[in-house]
Amino acid sequence: MSLFRCLAAVILAVGACQVGAAVPAAPSVFLDELTWTELRDEIRAGKTTVIVPVGGSEQSGPHIVLGKHNVRAKALAARIAASLGNALVAPVVAYVPEGSIDPPAGHMRFAGTISIPEAAFEATLEGAARSFRSAGFRDIVLIGDHGGYQKNLAKVAAKLDREWAATPVRVHAIEEYYRAADRDFAQALRKQGFSDAEIGTHAGAADTSLSMAVDEQLVRSAHLHDGSALDAANGVHGDPRRASAAAGRAGVDLIVAHTRDAIQREVARR
């Protein structure tokens, strides 16, 4: 190739890189990743639904990290928001009621679980909802990755809806999110050949597969292979040894689809 052609190729390559770099990136669905003016413009453009993902820090056996609920809630909320097309995602609420601290009960018997009083939890959700209303959101959606506080989400939503009855703003506690993860995903796993004893109720095949489908780094696979300490004494209720990301993808799809549909129904009712 001649020197001229080499220079021409270099110039074209540099030009292409400059053109590519000039293309603005799509706005993030996460509030934390927007400036306040970007958020203002997104709301003005029609993104008037905000999803508040609620997680929690609790033990899930020796093979799943303490923050699984936080990671799952954020990742799944992002997919739900993208599916809706007019929604953004608030920061994850990571501090939730997990039971008695003194004396320790339930998950609090294991190191790393964090619990706060129900009143403090509800006040946090209420304060966040009032902030979102002030920002211009019209539909505030509460979704929870843990079963223990579903009643608290519903209580906060009902309280604010009564107070705001004369306004266009509504708070929606979407129980379908947790139902899809708990009930519907279990049914899907049965069709894949998993037994109820494997599926379990906490840190079993269902819980572990869903975590792996969201982020495989949430699970310590070595513990699954040797099967050690995967029992109730170590916080496991089920048998996660056959869990896999492939099995968990059915749960991800169910949660996203069912939650999206439930949100759309609730917004249409308003």
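Before moving on, here are some points about what is shown:
- Fraction in percent of alpha-carbon pairs per bin - 5 Å, the stretch 50-107: 4, 19, 22, 19, 15, 10, 7, 3, 1, 0
- Portion, in percent, of the accessible area of the stretch 49-156 that falls on carbon or sulfur, probe 1.4 Å: 59
- Our estimate of slack between Ala45 and Glu163, defined as 0.36 nm per intervening residue step minus the Cα-Cα distance, is 39.8 nm.
- Placing R0 at 30 angstrom, the Cβ-Cβ distance between Ile116 and Asn234 gives a FRET efficiency of 0.75 after rounding to 0.05.
- Percent RCO, i.e. relative contact order, over the chain, from Cα pairs under 8 Å lying at least 6 residues apart: 20
- Highest-fluctuation residue, Thr35, Thr201, Thr49 considered, GNM on the chain with Cα pairs under 10 Å: Thr35
- Long hydrophobic helices in the chain: the complete DSSP H runs spanning 27 Å or more by Cα along their own axis with mean Kyte-Doolittle hydropathy of at least 1.6 are 3-22.
- Residue separation of Ala26 and Ala105 scaled by 0.36 nm, minus their Cα-Cα distance, works out to 23.9 nm of gained length.
- FRET efficiency, 1/(1 + (r/R0)^6) with R0 22 Å, evaluated for Ala82 and Trp36 via beta carbons: 0.50
- Percent of Cα pairs exceeding the 22 Å cut-off, where the set is the stretch 124-270: 48
- When the chain is described by a simple charge dipole with +1 on each Lys and Arg Cβ and -1 on each Asp and Glu Cβ, the residue from Ser131, Val93, Val267 located farthest towards its positive end is Val267.
- Unit charges on C-beta of K, R, D, E only; dipole of the stretch 45-114, Debye: 320
- Straight-distance crosslink candidates among lysines, where the alpha carbon sits under 21 Å from Lys159 and sequence neighbours closer than 8 are dropped: Lys151
- Exposure rank, largest accessible area first [Ser60, Ser134; 1.4 Å]: Ser134, Ser60
- Ranking Trp164, Trp36 from most to least accessible surface, computed with a 1.4 Å probe over the protein chains only, gives Trp36, Trp164.
- Here each label is just a point 7 Å from Cα along the line to Cβ, and for Ala222 and Thr124 those points are 3.2 nm apart.
- Note on Asp196 and Lys151: the extension gain reaches 13.6 nm, defined as 0.36 nm multiplied by sequence separation minus the Cα-Cα distance.
- Averaged per residue, the chain has 49 square angstrom of accessible surface, using a 1.4 angstrom probe with ligands and nucleic acids left out.
- Ordering of 116-127, 66-77 by packing [mean C-beta count within 10 Å, highest first]: 66-77, 116-127
- Debye log10 I(q)/I(0) for the stretch 91-183, one point scatterer per Cα, at q = 0.19, 0.22, 0.25 Å⁻¹: -0.92, -1.12, -1.30
- Fraction in percent of alpha-carbon pairs per bin - 5 Å, the stretch 25-184: 2, 9, 18, 21, 19, 15, 9, 5, 2, 1, 0
The values are calculated or read from the model by the stated rules, or taken from the named source; none is laboratory data. Just so it is clear, the structure is predicted and the values come from calculations on it, not from any experiment. Because the Cβ atoms are built from the backbone with ideal geometry, glycine has one as well, and the counts that use them run over all protein chains shown. Only protein heavy atoms, including side chains, enter the accessible area calculation; ligands, DNA and RNA are left aside. Shrake-Rupley method; radii C 1.70, N 1.55, O 1.52, S 1.80 Å.
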